[in-house]
Amino acid sequence: MSDRSPRNRAPQRRPDRVRRVAYQVIRQVTAEGGYANLALNKALREQRLGGRDAAFCTELVHGTLRWQGTYDAFLARSVSRPLADLDPELLDLLRLGTHQLLRMRVDSYAAVSEMVTLTRTEIGQKRSGLVNAVLRKISQRTLNQWVDAVAPPAEEDRFGHLAIAKAHPRWVIEAFAEVLDRDLEALLDADNEPPRVTLVARPGVAEVDELVEAGAGRARWSPYAAVLHSGGDPGRIEAVATGRAGVQDEGSQLVATALATAAVDGSDSKWLDLCAGPGGKSALLAALVNQRDGRLTAVEPLKHRAELVRANLRAIPGEHKVLVGDGTKPTWPAASYDRVLADVPCSGLGALRRRPEARWRRTPEDVIELRPLQEDLLDSAITSVRPGGVVAYVTCSPHPDETRAVVDAVLKRRDDATLEDARDLFPGVPDLGDGPDVQLWPHLHGTDAMYLALIRRTT
């Protein structure tokens, strides 16, 4: 009988399960427009991956997506034809292999071998030879050596060099440099570090001490925040499982708390969250206004996101209301509210560390297209607040065209509102900028890059 007989042929290796799950999540993100955090969490649950396997899978997914643009620059030097001519599923396999070789403590031989096996089972034997050859070429240099070979010299093109070395699109780096040139590299590095899981104890129904007893540590700035230093599933904590606490970045807690603590003249019982979905800030504001015997109204245009808001408010006492509607077209009378949060839709460039795919999806055109909506929502927020009341204009973006430029444009058209200094509303928090608005930063505060402008209605 021939040695090539099926009976004597060596059995094909099965792909590593964790790598296969990671690859399938990456495909959901790149091919179907999925969100990495949602797709990954669903896959981990369905595949029952926990502990070290879950951590390894998370780094494979988030790291590959985070460094995608940089890896593409390396792969373009290692593949004989343009990357645009490669099948997308093949390109994702090469990116996944490159991440293991250059930024993970994975043996080179094992990384290449595992990716060849995964290629064979996912897209066919014919492609495995190319994957083997390209990844072996990638493995011949370190990350820094590849950067030196591919990126323009920093002294000739600083932003072009940083785009490759720090895995950010050039246009994003240029926008960040407009507001933070001195610490630019520190910010880019912070964007590339996975964020800690931060929890919020919603006042009146949960205490930070309860979260600490469940294994979290106290956070630095927010009086309601705790941090899961060891990672893990926050849903295992009873307060989180019952909605009395939640997962919320400390920066988001700080801007909501700033709105709640700003001085107002007169009544203080009717608060409005103009752009509420998915409801994290709504829940914190509802808990705070409930302690003043008040009520929150939360507005969200999308029905499914309005349901998320309702779910977040379920554990908060009080007669709070969720409206499905357009915040730019109020169905309530003008000057109806004492405090208004306008946490407007934005590019999300302030949360790149927790949304690894966002940096490669967003374009400068997105910022331009969002600007009219941001101005309309801020204008509506000012109209909705009564004289003596306050508006917090908030974005999860430090891009100047989404922050102060929007505020200045709206206030220029109105003579009934003024911009106030918000820095005193962040007690103990350093490096808030020159004011009167506030910009938080991942590298300085360990938060998302949240922006807040405090506006008072005067007449």
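The values are calculated or read from the model by the stated rules, or taken from the named source; none is laboratory data. Fair warning: this is a prediction, and the values are worked out from it, not measured in the lab. Neighbour counts run over all protein chains shown; Cβ positions are idealised from the backbone, glycine included. Side chains are part of the model used for accessible areas, which takes the heavy atoms of the whole protein and leaves out ligands, DNA and RNA. Shrake-Rupley method; radii C 1.70, N 1.55, O 1.52, S 1.80 Å.
Some points to look at:
- Cβ-Cβ distance of residue 319 and residue 193, R₀ of 56 Å, FRET efficiency by 1/(1 + (r/R0)^6): the value works out to about 0.85.
- Convex hull volume per residue, computed on the Cα atoms of the chain, equals 155 Å³.
- In Å², nearest 10: area of residue 139 left accessible to a 1.4 Å probe: 50
- In this structure, the residue pairs whose Cα-Cα separation is over 18 Å, taken from 281/321; 270/321; 42/166, are 42/166.
- Within the chain, the whole DSSP H helices whose Cα atoms reach 24 Å or more along their own axis and whose mean Kyte-Doolittle score is at least -1.0 are 364-384.
- Stretchable slack from residue 267 to residue 326, in nm (0.36 nm times residue separation minus alpha-carbon distance): 18.6 nm
- For the range 134-225: accessible area per residue (Å², 1.4 Å): 48
- For residue 80 and residue 376, the FRET efficiency from 1/(1 + (r/R0)^6), where r spans their Cβ atoms and R0 equals 56 Å, is about 0.65.
- In nm, spacing of pseudo-spin labels at residue 31 and residue 72 (7 Å Cα→C-beta vector): 1.8
- For the chain, the fraction of 1.4 Å probe accessible surface lying on carbon and sulfur atoms is 47 percent.
- Measuring spread by the Cα atoms of the range 1-151 yields a radius of gyration and Dmax of 16.0, 56 Å.
- Shape metrics for the range 274-325, restricted to C-alpha atoms - Rg then Dmax, Å: 9.7, 29
- With each label modelled as a point 7 angstrom along the Cα→C-beta vector, the residue 150-residue 183 pair spans 2.9 nm.
- Here the sum of -39500 (n - 2.57) over DSSP H runs of 4 or more residues, divided by the residues of the chain, equals -14000 deg cm²/dmol at 222 nm, to the nearest 500.
- Partner aspartates and glutamates for residue 137 [C-alpha distance under 12 Å; skip if fewer than 8 residues away on the same chain]: none
- For the chain, a crude dipole built from +1 on the beta carbon of Lys and Arg and -1 on the beta carbon of Asp and Glu, taken about the Cα centre, is about 2340 debye to the nearest 20.
- The label-point distance for residue 132 and residue 412, in a model that sets each label 7 Å from Cα toward Cβ, rounds to 6.3 nm.
- The residues of the range 266-339 present an accessible area of 45 Å² per residue when probed at 1.4 Å with all protein chains retained.
- Computed with a 1.4 Å probe on the full set of protein chains, the accessible area for residue 383 sits at about 50 Å².
- The value of relative contact order for the range 335-381, using C-alpha pairs under 8 Å at least six residues apart, is 51 percent.
- A simple packing score, the average count of other Cβ atoms within 10 Å per residue, orders the peptides 106-113, 35-42 as 35-42, 106-113, with the highest score first.
- FRET efficiency estimate (nearest 0.05) - Cβ-Cβ, residue 17 to residue 229, R0 25 angstrom: 0.35
- Solvent-accessible surface of the range 33-90, taken per residue with a 1.4 Å probe and all protein chains present: 51 Å².
- Inter-part distance where the range 232-278 and the range 390-459 are each reduced to a Cα centre, Å: 18
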